[in-house]
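Each remark here refers to the structure printed beneath this line.
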Amino acid sequence: MSAALKKSSSNGSDKSVTTEEQHAKISEIRKLIGPLPEKLAIYCSDAALTRYLRARNWNVKKATKMLKETLKWRAEYKPEEIRWEEVAHEAETGKIYRSNYIDKHGRTVLVMRPSCQNTKSTKGQIKYLVYCMENAILNLPPDKEQMVWLIDFNGYNLSHTSVKVTRETAHILQDHYPERLGLAILYNPPKFFEPFWKVVKPFLEPKTQNKVKFVYSDDPNSKKIMEELFDMEKLESAFGGNDDSGFNISKYAERMREDDKRMPAFWTRGNPQSAEPPVDLNSLDLNSDSDASDNGKVDSSPSHVSDSETLSPSESVIVTKGSDNDSTEVH
């Protein structure tokens, strides 16, 4: 717990929450969610509960509600059971893949290319996105909670955008993978992106603002950003690096199959896997109104958007979720 708490205490909006208070809030959430089957219990690590609390500005009630929604979704969707062969066709063009390098902070890197969309099935695209997120998390070092997204806009135009997929993508990432994004690099984005970002930016908290970097291949300052974050010998040439090997679906498939073999142990923490009884979803009463204390009150001021915020990777839109209600805005 200590590592996660130390990390969170350095987050801009968390400074007023002491380590003792964080411990207390985590314990309170555990009491509210009650006993869980093995996989969901493993999911609810102290680090995970800390992420949900950060996403809801340390409001126990809101964090618990958000967590219960995720637990219900995971029990039904079973994201950890998706295997490569089920989604391989979605990956053929390299529209999303985990790179074979990490950034200088040790974080997993997901490469995204919106222009390489190769299917029309919303269900299939979301399933592949979830597979990629679970795989990226599987490959995070034990002391890391967040990943990097490298979004390549080469060849992108608005025809690659589907409102339906955008909304579903935003829902999945915001509600079920809170605080997983450490940094999103928009590489050669369309010219209208940055002016829009400048309009949105004042309404976002500093920690959110710092998660998005605009990088242009013809800008000398951009190379400095990439050099500070990556080993240029390992970074792909498409992003200004020296590795010109490119995406190879056959080699990538081998990597994913090997990762699939590791996934069961990840969700049993090395213990022999046993058949779990069906999860009683009624026990995760999403409408229950707990009497949890709200020591961490959320600022009701509309001047800044807090809680979970997501840059939808495949559709390239900024999605924010307000702290005082559950409405989602897709920009």
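The values are calculated or read from the model by the stated rules, or taken from the named source; none is laboratory data. Since we're looking at a predicted model, the values are computed, not measured. So basically every Cβ, Gly included, is an ideal-geometry build from the backbone, and we count neighbours across all protein chains shown. For accessibility, only protein heavy atoms count, side chains too; no ligands or nucleic acids. Shrake-Rupley method; radii C 1.70, N 1.55, O 1.52, S 1.80 Å.
Things worth noting here:
- Ordering ALA47, TRP73, ALA24 by the projection of their Cα atoms onto the charge dipole of segment 20-77, which places +1 on the Cβ of Lys and Arg and -1 on the Cβ of Asp and Glu, puts TRP73 at the extreme positive end.
- Gyration tensor (alpha-carbon) shape descriptor, segment 20-77, a/c threshold 1.5: prolate
- Relative packing of peptides 57-67, 183-193, 108-118 - highest average C-beta neighbours within 10 Å first: 57-67, 108-118, 183-193
- Cross-link check: pairs LYS62/LYS211; LYS61/LYS95; LYS25/LYS144; LYS95/LYS164; LYS95/LYS191; LYS68/LYS164 evaluated at a Cα-Cα cut-off of 28 Å; pairs beyond the cut-off: LYS61/LYS95.
- Apportionment of accessible area to carbon and sulfur, segment 89-267, percent (1.4 Å): 52 percent
- Accessible surface for segment 20-77, divided over its residues, is 36 Å² per residue with a 1.4 Å probe.
- Over segment 17-167, the alpha carbon radius of gyration divided by the compact-protein estimate 2.2 N^0.38 Å works out to 1.19.
- When segment 137-279 is reduced to its Cα atoms, the Kirkwood hydrodynamic radius in Å: 18.5 Å
- Accessible-area rank, largest first, for ASP260, ASP46: ASP46, ASP260, with all protein chains present and a 1.4 angstrom probe.
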